[in-house]
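The values are calculated or read from the model by the stated rules, or taken from the named source; none is laboratory data. Everything numeric in this text was worked out from a predicted model, so none of it was measured. No Cβ is skipped: glycine too gets one built from the backbone with ideal geometry, and neighbour counts run over all protein chains shown. Ligands, DNA and RNA are excluded from the accessible area calculation, which covers all protein heavy atoms including side chains. Shrake-Rupley method; radii C 1.70, N 1.55, O 1.52, S 1.80 Å.
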Amino acid sequence: LEVPKGNFRFEGEISPDFSVFIHSAYGKLGKSEVTGSYSQEWNPANYRFLIEGKCYPPDINNWLGTWWSPLWEDFSFSENTPTGDFSIKGIWGGPIGNSVTLGRIKTQDFHFRSIPVNRSQIKIEVDSESTRLLGEKIQHNHGLLNGSLIFPRSHTETDHSLSFAFQGDVPIRETSNALGTKV
């Protein structure tokens, strides 16, 4: 799927009912290097990924469809690749919105548009209703910021497209380019 070349190692088993259990997994591609595990029952196709390590989001652009790549166009990461720890579970081919993702991302030295971020910790929660990004202790050149972004899932057919809240030090002059001129 046109991702960087990589090295992978999987140790596990396939049971007689075609359930899959990968007890130990390792992958390195591009700037990402993760370990984890995976399990999937045959019927229903309940699955669960556990992933931990260095996660450079553009490395998997083509794995996640057209919505993923544009998310990262306004970011520039330094050599300090973000680290992540995720649990992803659901049913392959199951009802819309059945998957649940819980995780944490830690970053150092990146830019979002014109805003340099020195360090951040983001908690991620995705369920049938929404995607929630909860920023904890986002450090930038002018102080500290905590906040949240909430995107409803498309199948909920809500009139709301986004909600956000933040508290802390926000350098308005430096962020006006990132947030828009009408802020």
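Observations, loosely collected:
- Residue pairs meeting the criteria (Cβ under 8 Å; at least 6 apart or on separate chains; first in contact (Cβ under 8 Å) with a residue 24 or more places away in the chain, in region 59-81; second surrounded by fewer than 12 Cβ atoms within 10 Å (Cβ to Cβ)): N62/L1; N62/E2; W63/L1
- Check on G84, in contact with a Gly (Cβ under 7 Å, 6 or more places away or on another chain), small (G, A, S), closer than 23 Å to R119 by Cβ and open to solvent by less than 40 Å² (accessible area, probe 1.4 Å): yes
- Subset of region 120-169 (residues that are over 15 Å from Q108 (Cα atoms), at pLDDT 85 or above and of a type in the set (S, T, N, Q)): S128, S130, T131, N146, S148, S163, Q167
- In region 170-183, residue modelled with the lowest pLDDT [restricted to those that are of a type outside the set (S, T, N, Q) and open to solvent by 100 Å² or more (accessible area, probe 1.4 Å)]: V183
- Count of residues meeting criterion [under 16 Å from L71 (Cβ atoms) and loosely packed, with under 14 Cβ neighbours inside 10 Å] in region 122-147: 0
- Hey, I150 under 28 Å from A45 (Cβ atoms), open to solvent by 40 Å² or more (accessible area, probe 1.4 Å) and either in contact with a Cys (Cβ under 9 Å, 6 or more places away or on another chain) or free of Cβ contacts under 8 Å to residues at least 60 places away in the same chain (or both) or not: no
- When region 161-176 is filtered for residues that are without any contact (Cβ under 8 Å) to a residue 40 or more places away in the chain and in a helix (DSSP H, G or I), the ones remaining, listed by number, are I172, R173, S176.
- Considered as a group, the residues in region 51-105 that are more than 14 Å from the chain's Cα centre (by Cα) and among the aromatic types (F, W, Y) include one that is nearest to K137 (Cα to Cα), and that residue is F77.
- Top-ranked residue in region 99-120 [being among the polar types (S, T, N, Q) and loosely packed, with under 15 Cβ neighbours inside 10 Å; ranked as nearest to S87 (Cα to Cα)]: N118
- Within region 32-75, restricting attention to residues that are open to solvent by less than 80 Å² (accessible area, probe 1.4 Å) and among the aromatic types (F, W, Y), the residue that is nearest to S87 (Cα to Cα) is F49.
- Filtered by the rule that a residue be in a loop (DSSP other than H, G, I, E, B) and in contact (Cβ under 8 Å) with a residue 24 or more places away in the chain, region 16-40 gives D17, F18, G30, K31.
- Here S15 meets each of (1) closer than 22 Å to G93 by Cβ; (2) open to solvent by 40 Å² or more (accessible area, probe 1.4 Å) with one exception, condition (2).
- Condition check for G135: closer than 26 Å to E13 by Cα, without any contact (Cβ under 8 Å) to a residue 60 or more places away in the chain and of a type in the set (G, A, S): no
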